[in-house]
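Undergrad: The structure follows.
The values are calculated or read from the model by the stated rules, or taken from the named source; none is laboratory data. This structure is a prediction, so every number in the text was calculated from the model and none was measured. Every residue, glycine among them, receives a Cβ derived from its backbone with ideal geometry; neighbour counts consider all protein chains shown.
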Amino acid sequence: MARFAAIGLDHRHIYDITEGLLAAGAVCAGYDPVSTDGRVLAGFRKRFPGVPAVFRQRLLDDPSIDFVVIAAKPSDRAKLAVEAMRAGKDVLCDKPGVTTAAQLAAVRVAVKETGRAWSICVGRVASPSIQAALGVLRSGELGRLVQMVNLAPHRLNRALRPPWFFDTPAYGGIINDIGVHAIDTFLAFAQVETADIVSSTIGAFGTEPPGFEDFAELVLQTPSVRGYCRMDWFTPDGLPTWGDGRLFLVGTEGTLELRKNLDIEGRDGTDHMFVANRTGTRHVDCSGLPVTYYRDFLGGLLAQEPVFAMCQMALDAQARASRFDAQAQPCFYAQAQPCFDAQARP
């Protein structure tokens, strides 16, 4: 039975990763109680009361521990991963796994020299609806894939964010941070390991502090498939979830839509799939479908190179993005006069 340790408890994603591994049959042997966010640490202790607190070096020195999971401040994750691999541990990391090209290069060297595995848990691998949509596409029901559109709004939840969340070097920028989900998803649906970045754009629309990257767009392509991806921090407070994530596939013989977090005015629950083809339409509740990522990780079934390629594309798109500072632009709508006098209408 695989044993793991949790280190770098700085982001709440550590809860989902730990729960997924426990459900897959692994045992959490301990967690490092050092954290930049005491609320995350308290939440881990509450969710996993039977897991002991053990400082990092003791966990890395323990030969009975097979791998570590890492959800540290993003700019610290690569260093911790390299340290763990050189201590003989495989690594499962929260996204983003790296924030700079130099960090990615260091991880590549460590993987090559140690032979250890380095995986990143992105949204696709833990999403029942995306796994179901991949199955529909690969069945041929939609024909050839023409385009994917991925919309990924997020709620800012300012009161829950640590200071590093607003420090660009700490998280690597909006595309590297949350855009990596969309890049990974496009590569999976296009069935390729890498793709061309046609364009990338980053905007700051006024979220404090000034210059905070709260909006981005990506256009990706392979020789036969195009992809548009949007990510932002503008989920309104009235929405009963952290974001109305949506994914659209256009095929030559059918279309598919995912409402990953909610059906905004309809059915309860998450992971809704809607398919339209030549014979009709259907809705599929994917919420109860199994996710195999954690079992695949434990079984050593995950390929390494696609993870490197995904990270490289995210870093490239972040670095090459055109930028606009919407904070510096006047709000046309706030200044504009009504285009007609409603009382003067006949």
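Undergrad: From the residues in segment 260-298 that are of a type in the set (A, V, I, L, M) and within 19 Å of the chain's Cα centre (by Cα), which one is nearest to GLY20 (Cα to Cα)?
TA: It comes out as VAL291.
Undergrad: Take segment 290-299 and flag every residue that is at pLDDT 95 or above and surrounded by 16 or more Cβ atoms within 10 Å (Cβ to Cβ).
TA: Across segment 290-299, the qualifying residues are TYR293, TYR294, ARG295, PHE297, LEU298.
Undergrad: Looking only at residues that are buried (at least 16 other Cβ atoms within 10 Å of the Cβ) and aliphatic (A, V, I, L, M) in segment 193-218, which one is farthest from the chain's Cα centre (by Cα)?
TA: Looking at the filtered set, the residue picked out is ALA204.
For every residue, the table says whether it meets (1) in contact with a Lys or Arg (Cβ under 9 Å, 6 or more places away or on another chain); (2) over 15 Å from GLY245 (Cβ atoms).
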residue	(1), (2)
VAL122	yes, no
GLY135	no, yes
ASN150	yes, no
ASN157	no, yes
TRP164	yes, yes
ALA170	yes, yes
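Undergrad: Residues being surrounded by 15 or more Cβ atoms within 10 Å (Cβ to Cβ), touching a Lys or Arg at 6+ places or on another chain (Cβ under 8 Å) and of a type in the set (A, V, I, L, M, F, W, C): count how many of those fall in segment 219-241.
TA: 3
Undergrad: If you take just the strands (runs of 3 or more DSSP E) that sit entirely in segment 1-114, which of them hold at least 2 residues that are β-branched (Val, Ile, Thr)?
TA: Filter on segment 1-114 gives 67-71.
Undergrad: How many of the residues making up segment 258-282 are exposed (fewer than 12 other Cβ atoms within 10 Å of the Cβ) and assigned to a strand (DSSP E or B)?
TA: Here the count works out to 3.
Undergrad: Ok, one more. Scanning for something surrounded by fewer than 21 Cβ atoms within 10 Å (Cβ to Cβ), touching a helix residue (DSSP H, G or I) at 6+ places or on another chain (Cβ under 8 Å) and more than 14 Å from TYR293 (Cβ to Cβ), does segment 92-101 turn up at least one residue?
TA: Checked segment 92-101: at least one residue is surrounded by fewer than 21 Cβ atoms within 10 Å (Cβ to Cβ), touching a helix residue (DSSP H, G or I) at 6+ places or on another chain (Cβ under 8 Å) and more than 14 Å from TYR293 (Cβ to Cβ).
Undergrad: Would it be correct to say that TYR31 is farther than 19 Å from ALA126 by Cβ and surrounded by 15 or more Cβ atoms within 10 Å (Cβ to Cβ)?
TA: Answer is yes for this residue.
Undergrad: Restricting attention to strands (runs of 3 or more DSSP E) lying wholly within segment 140-256, give those where 1 or more residues are over 18 Å from ARG320 (Cβ atoms) and among the aromatic types (Phe, Trp, Tyr).
TA: Because the criterion is at least 1 residues that are over 18 Å from ARG320 (Cβ atoms) and among the aromatic types (Phe, Trp, Tyr), the strands (runs of 3 or more DSSP E) in segment 140-256 that meet it are 246-251.
Undergrad: Examine segment 136-143 for a residue that is more than 22 Å from the chain's Cα centre (by Cα), buried (at least 21 other Cβ atoms within 10 Å of the Cβ), in the same structural domain as ALA182 (by TED's automatic domain parsing) and over 24 Å from PHE67 (Cβ atoms), and state whether such a residue exists.
TA: Checking segment 136-143: at least one residue is more than 22 Å from the chain's Cα centre (by Cα), buried (at least 21 other Cβ atoms within 10 Å of the Cβ), in the same structural domain as ALA182 (by TED's automatic domain parsing) and over 24 Å from PHE67 (Cβ atoms).
Undergrad: Could you give every pair whose Cβ atoms fall below 7 Å, whose first residue belongs to segment 268-287 and is among the small types (Gly, Ala, Ser), and whose second residue is surrounded by 13 or more Cβ atoms within 10 Å (Cβ to Cβ) and in a strand (DSSP E or B), counting only separations of at least 6 or pairs across chains?
TA: The qualifying pairs are GLY269/ASP285; ALA276/THR255.
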